[in-house]
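A short write-up of the structure that comes next.
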Amino acid sequence: MGAALNRLAQWLPAPVGRSFTALSIDGQWVKLLHATGAPRGRTIASLIVLPVPEGDAGLVDALRQRCRAQGIEPESVLIANPSHLTTTRVFSVPSSEWREIRDIVELQAEKHTPYSKEEILTDFSIVETDAAGYSKVMLVISHQEVVNRAIRIAEAMGWSLERVGLELEGLAGWLRAVRGATPKQPVLVADVDAEVTTAAVIRQQKILFHRSLPFGVKQLIAEPSGVPSRLIAELRRTLEAFEAEGWQQPVSDIVLTGQVERLPDLKAQLQQGLEIPTEAVAAAERFALGPGVVAAQAELGQSSFASLLGLSVGAETGIDLTPKPLRLHRVFELRTRALITLGCQLIAAVVLVAGLAVFEAQQRERYRGWLRAESERAGLETSALDFSLKQVELVRGWLTARGRFLELLVELNRRSSDAIRWDTLEFVQSDRLLLKGTSSEMPKVYEMVSALEKSGLFAKVDAKKVTKRRDGEENVTSFELTCELLTEPPPSPQVSS
């Protein structure tokens, strides 16, 4: 199960912004930049520059060893097509609709290169659109073999391809990072690499004009008297060509970058020769560098990483030179990953709903159990309450009986004369009484019988046994009376004298 989940996780999209890797390969040098963190807070963890050996296998082995030594494991790689192997043309088209512009550019592409349509890769970006509906478009052209070789190297390294971009767009991002904002006036950036110099006119992160000059730090150091003047002359031609293309705003200043520490006099020479304000900024001067990069600065030689550094901060013109078959494969892969992600989300939703249903069922069962327990407890309490009520009723009955009994005694005493003496009061049935006693005078017995019948408490008073007997020197009449109670009788207590 765990292995299956791991295989499934490989198809899921990687988290965005954790790391960034850019790769640039030309005929002489391989440059690689690896950065960590989000675009606005990235730290440059590694910079690698290697000479290109003969054959792709040797290049892959050398690059793999260097990446392994520096612990580089890219999530994906952005291939930056070298500026001197990229052709750019800026021209106007009579449309502002992207689809129409695309169709026009595809027809115009072959006119700007000696290669056939099957040999080149093209893309474009819209530089600006005026009020009349005309758009200035930058057409980008590269030979397929240049791009395909870089892709083969990335695939041999086992890296997934993010896209094929441009070193030029990296220069625009580098300028924004250095200036802190996108310049509103055109700026000429001169990026002096090991053996080539890229001159690009940039405004608001748009490439307006571009030329590649066939000399760099190596030639400037080797020929300090002749090459700087050649550089000044070529930059002057660049400015003239830019103005000839009809751009209304002139270049405001020049930013010199690359390994400028190795060329301490070049800034002053350019400013004096071109009579334009010039600033020299080291390529990595205003970027956060990891300790490994700082320690390995000497190993970078004469190479400039300005364009790759600019790409690391998120600079992008929308240019993508990825071959169409690979782009379609990438789209299919992304959609497959999206479908897998959606499937995983649906499965997670089903599991969540099922879990909630199980939880709700468990809660209901717990509630029913609680209700049963409460019902049983209420039943026990009800039984206890019934028993208590019966006890209360019994006590009340006894209390009523005792009160009734006292009432009878009071009534008998009130209806009897002083000659009557009561000995026994007994309930012989639920509603009949047996009264026993003696009297010193027999007539008093019958008077009492009449008095009891008139009392309202007794009925059917009958003198069953009335006998005279001698008690010492006195004559005593013994009697037994039976009668019925007119109300519900009390329980049968006995009172004996």
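Only the coordinates and a few stated rules stand behind these numbers; no lab work does. Everything numeric here is computed off the predicted structure, so don't read it as measured data. A quick note on method: Cβ atoms are made from the backbone with ideal geometry, for glycine too, and the neighbour counts reach across all protein chains shown.
Could you tell me how many degrees, from 0 to 90 and to the nearest 10, lie between the Cα long axis of helix 56-70 and the main elongation axis, the longest principal axis, of the Cα atoms of the chain? The angle comes out at about 50 degrees. For the set LYS136/LYS324; LYS184/LYS324; LYS31/LYS218; LYS111/LYS184; LYS117/LYS218; LYS31/LYS324, the pairs lying more than 28 angstrom apart at their alpha carbons are LYS184/LYS324; LYS111/LYS184; LYS117/LYS218. Dividing the helix sum by the residues of the chain, where each DSSP H run of 4 or more adds -39500 (n - 2.57), gives a mean residue ellipticity at 222 nm of -14500 deg cm²/dmol. Available extension along the chain between ASP265 and GLN144 is 39.6 nm, counting 0.36 nm per residue and deducting the alpha carbon span. Counting only lysines at least 8 places from LYS464 when in the same chain, those with an alpha carbon closer than 26 Å to its own are LYS436, LYS444, LYS454. Excluding SER24 itself, calculate the net charge of residues whose Cβ lies under 13 Å from the Cβ of SER24, where each Lys or Arg counts +1 and each Asp or Glu counts -1. Charge balance in the 13 Å sphere: -3.
For the chain, dividing the convex hull volume of the Cα atoms by the residue count gives 357 Å³ per residue. Seen against the Cα atoms of the chain and their longest principal axis, helix 227-244 is set at about 70 degrees. Distance from the alpha carbon centroid of segment 173-240 to that of segment 415-470 works out to 144 angstrom. For the chain, the longest principal axis of the Cα atoms and the long axis of helix 442-454 meet at an angle of about 40 degrees. Bridge orientation summary for segment 16-322: considering DSSP beta bridges with both residues in this region, about 70 percent are antiparallel. Around ARG149, with a cut-off of 12 angstrom between Cβ atoms, what is the net charge of the other residues, counting Lys and Arg +1 and Asp and Glu -1? Here the count lands on -3.
Count Lys and Arg as plus one, Asp and Glu as minus one, and take only other residues whose Cβ is under 14 Å from that of SER229; the net charge is then 0.
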